[in-house]
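Colleague: The structure that follows is given in the form of structure tokens.
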Ligand SMILES: Cc1cc2nc3c(=O)[nH]c(=O)nc-3n(C[C@H](O)[C@H](O)[C@H](O)COP(=O)(O)OP(=O)(O)OC[C@H]3O[C@@H](n4cnc5c(N)ncnc54)[C@H](O)[C@@H]3O)c2cc1C
């Protein structure tokens with residue numbers, strides 16, 4: 001793999017840098033930097049999404065015919081890296097990176113024409129209905145059922161951990177349409193409107209005091225048959241395609257490396273440590289150096305997989321490697337950050353947001369205030385999208401052939 005940038009790539013990088021400099025307002029930068037949860041709130045992402053959509057740089061994973069920018073893998077990587085360095089807000093992935101590519105690949109022309117422009121414009125905000133109580137790692141055991149009645153499906157059951165369901169107007173859900181079939185074969189992939197009497201959403205507040213996830217209940221909820229993606233019983237195949245995109249297919253390393261750069265900068269200034277500035281502490285600095293090496297090695301693996309994707313090959317089970325390694329590096333970074341801020345890193349603010357005029361006064365710096373809630377929310381990185389143990393099994397069986 002050729003790792004050097006061509007003259008065109010370097011020119012593209014300049015264009016991205018100029019764009020970010022011009023368009024990333026202080027409010028957007030602050031919203032991104034001061035969000036301790038995994039997802040950034042829609043009041044921040046909505047504005048950033050609309051800026052990128054206007055430029056045609058929003059749906060980086062979509063084919064060009066549906067609104068993707070038509071970038072090479074290198075351009076995509078350059079864009080993600082520059083966004084991470086500039087501190088741009090993470091976009092709402094559930095529409096753009098999960099259900100969007102599914103509709104591009106498996107949707108009917110009518111589904112594409114209806115849903116894709118509404119994802120781009122932000123008119124539709126999506127949540128994901130896969131997990132259920134009793135069906136997380138063992139997803140194929142899911143019980144939420146959808147019965148066909150005339151031109152509708154009637155849905156009953158519940159989903160759990162539905163991230164941002166309280167903001168969403170659509171949910172993509174795995175539902176059981178044939179209870180007689182073998183577990184995987186009885187599952188279908190259904191799009192369901194959230195704004196109806198048959199759906200209720202109950203908050204689950206995380207140990208960091210954030211409301212990010214929910215339990216979602218379906219009590220004779222309805223969705224029209226034209227909202228089924230693919231055929232009845234094809235849900236498992238579609239679900240796996242989506243999970244491969246969830247676990248990889250975008251660039252995680254640039255954000256990890258940018259975070260390490262920020263930590264290094266704080267370490268030079270942060271006075272709350274036991275021995276003054278943190279970069280006097282050899283143990284913390286050794287941990288920082290080790291993490292940087294791990295993140296750099298990970299970046300090469302990620303680039304290799306991106307190069308495969310650019311040749312038109314599917315993301316495949318090796319995305320489990322991306323998910324596993326990036327989640328663990330991220331958690332180690334969060335842990336180092338808490339340690340870096342010493343006593344100030346142990347505060348747990350109860351109110352949100354932690355940006356703007358309503359933010360509570362921090363003890364020490366804003367970065368110190370964010371350390372513990374970010375660490376606590378970040379425990380989820382090795383659970384959602386499939387836990388570490390599940391990723392290791394996929395790697396063992398499907399990548400290494402053990
Ligand atoms: C913050 C957060 C956000 C989430 N967002 C969403 C969302 O938006 N939509 C959605 O559908 N889901 C979401 N999830 C759910 C997530 O995908 C599940 O939590 C995950 O798949 C694990 O399932 P579980 O919680 O039922 O744990 P379990 O499957 O019960 O696992 C419990 C433990 O047992 C281990 N284990 C289970 N089976 C095996 C096995 N076969 N071999 C080895 N070890 C095993 C697991 O690794 C884990 O450590 C979210 C979860 C979190 C924490």
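Colleague: Please state which one of 188, 200, 131 is closer than 29 Å to residue 376 by Cα and touching a residue at least 24 places away in the same chain (Cβ under 8 Å).
Modeller: Going through 188, 200, 131 in turn, the sole match is 131.
Colleague: Within segment 183-237, which strands (runs of 3 or more DSSP E) (wholly inside it) include 2 or more residues that are more than 16 Å from the ligand (Cβ to nearest atom)? Spell out how you get there, then give the answer.
Modeller: Numbers: elements: 187-193, 199-205, 211-224.
Ranges flagged: 211-224.
Colleague: Please determine whether any residue of segment 44-51 is touching a helix residue (DSSP H, G or I) at 6+ places or on another chain (Cβ under 6 Å), farther than 23 Å from residue 161 by Cβ and touching a residue at least 40 places away in the same chain (Cβ under 8 Å).
Modeller: Start the filter on segment 44-51 by keeping residues that are touching a helix residue (DSSP H, G or I) at 6+ places or on another chain (Cβ under 6 Å), which leaves 44, 48, 51.
Cutting the leftovers down to farther than 23 Å from residue 161 by Cβ gives us 48, 51.
Now restrict to residues that are touching a residue at least 40 places away in the same chain (Cβ under 8 Å): 48.
Checked segment 44-51: at least one residue is touching a helix residue (DSSP H, G or I) at 6+ places or on another chain (Cβ under 6 Å), farther than 23 Å from residue 161 by Cβ and touching a residue at least 40 places away in the same chain (Cβ under 8 Å).
Colleague: Within segment 349-381, restricting attention to residues that are assigned to a helix (DSSP H, G or I) and in contact with a strand residue (DSSP E or B) (Cβ under 9 Å, 6 or more places away or on another chain), which residue is farthest from residue 37 (Cα to Cα)?
Modeller: So the first thing to find is which residues in segment 349-381 are assigned to a helix (DSSP H, G or I), and the list is 366-381.
Of the ones still in play, those that are also in contact with a strand residue (DSSP E or B) (Cβ under 9 Å, 6 or more places away or on another chain) are 377, 380.
Details: 377: 6, 380: 10 Å.
Per the criteria, the residue is 380.
Colleague: With respect to residue 328, is the statement that it is buried (at least 21 other Cβ atoms within 10 Å of the Cβ), part of a helix (DSSP H, G or I) and within 14 Å of the ligand (Cβ to nearest atom) true? It would help to see each step written out before you state the result.
Modeller: On the way: buried (at least 21 other Cβ atoms within 10 Å of the Cβ): no; part of a helix (DSSP H, G or I): yes; within 14 Å of the ligand (Cβ to nearest atom): yes.
Here the answer is no, as residue 328 does not meet what is asked.
Colleague: Any residue at all in segment 208-222 that's outside the structural domain of residue 377 (by TED's automatic domain parsing) and without any contact (Cβ under 8 Å) to a residue 40 or more places away in the chain?
Modeller: Start the filter on segment 208-222 by keeping residues that are outside the structural domain of residue 377 (by TED's automatic domain parsing), which leaves 208-222.
Going one step further and asking which of them are without any contact (Cβ under 8 Å) to a residue 40 or more places away in the chain, we end up with none.
For segment 208-222, residues outside the structural domain of residue 377 (by TED's automatic domain parsing) and without any contact (Cβ under 8 Å) to a residue 40 or more places away in the chain: absent.
Colleague: Restricting to segment 309-325, give me the number of residues that are in a helix (DSSP H, G or I) and surrounded by fewer than 16 Cβ atoms within 10 Å (Cβ to Cβ). Outline the logic, then answer.
Modeller: Keep residues of segment 309-325 that are in a helix (DSSP H, G or I), which gives 309-310, 319-325.
Now restrict to residues that are surrounded by fewer than 16 Cβ atoms within 10 Å (Cβ to Cβ): 310.
Residues flagged as in a helix (DSSP H, G or I) and surrounded by fewer than 16 Cβ atoms within 10 Å (Cβ to Cβ) within segment 309-325 amount to 1.
Colleague: I would also like to ask the following. Suppose we filter 97, 159 for residues that are modelled with pLDDT under 95 and either buried (at least 21 other Cβ atoms within 10 Å of the Cβ) or outside any strand (DSSP E or B) (or both); which single one remains? Before you say what the answer is, go through the steps one by one.
Modeller: Details: 159 fails: modelled with pLDDT under 95.
Going through 97, 159 in turn, the sole match is 97.
Colleague: Could you list all residues from segment 105-135 that are assigned to a loop (DSSP other than H, G, I, E, B), on the phi < 0 side of the Ramachandran plot and within 15 Å of the ligand (Cβ to nearest atom)?
Modeller: Let us first name the residues in segment 105-135 that are assigned to a loop (DSSP other than H, G, I, E, B), namely 107-108, 122-125, 130-131, 133-134.
From what's left, on the phi < 0 side of the Ramachandran plot: 107-108, 123-125, 130-131, 133.
Within segment 105-135, 125, 130, 131, 133 qualify.
Colleague: Could you list all residues from segment 136-167 that are out of contact with any strand residue (DSSP E or B) (no Cβ under 9 Å at 6 or more places or on another chain) and either within 16 Å of the ligand (Cβ to nearest atom) or farther than 18 Å from residue 228 by Cβ (or both)?
Modeller: The initial filter retains those residues of segment 136-167 that are out of contact with any strand residue (DSSP E or B) (no Cβ under 9 Å at 6 or more places or on another chain), namely 137-138, 150.
Passing the criteria: 137, 138.
Colleague: Could we say that residue 81 is more than 16 Å from the ligand (Cβ to nearest atom), in a helix (DSSP H, G or I) and under 18 Å from residue 67 (Cα atoms) here? It would help to see each step written out before you state the result.
Modeller: Working: more than 16 Å from the ligand (Cβ to nearest atom): yes; in a helix (DSSP H, G or I): yes; under 18 Å from residue 67 (Cα atoms): no.
Taking the combined requirement at face value, the residue does not satisfy it.
Colleague: Please enumerate the residues belonging to segment 11-41 that are in a helix (DSSP H, G or I) and either under 30 Å from residue 214 (Cβ atoms) or assigned by TED's automatic domain parsing to the domain that holds residue 304 (or both). Give the derivation first.
Modeller: Within segment 11-41, the subset in a helix (DSSP H, G or I) is 11-23, 26-33.
Correct list: 27, 28, 29, 30, 31, 32, 33.
The values are calculated or read from the model by the stated rules, or taken from the named source; none is laboratory data. As the structure is a computational prediction, the values presented were derived from the model and not from experiment. Note: ideal-geometry Cβ built from the backbone for every residue, glycine included; neighbour counts use all protein chains shown.
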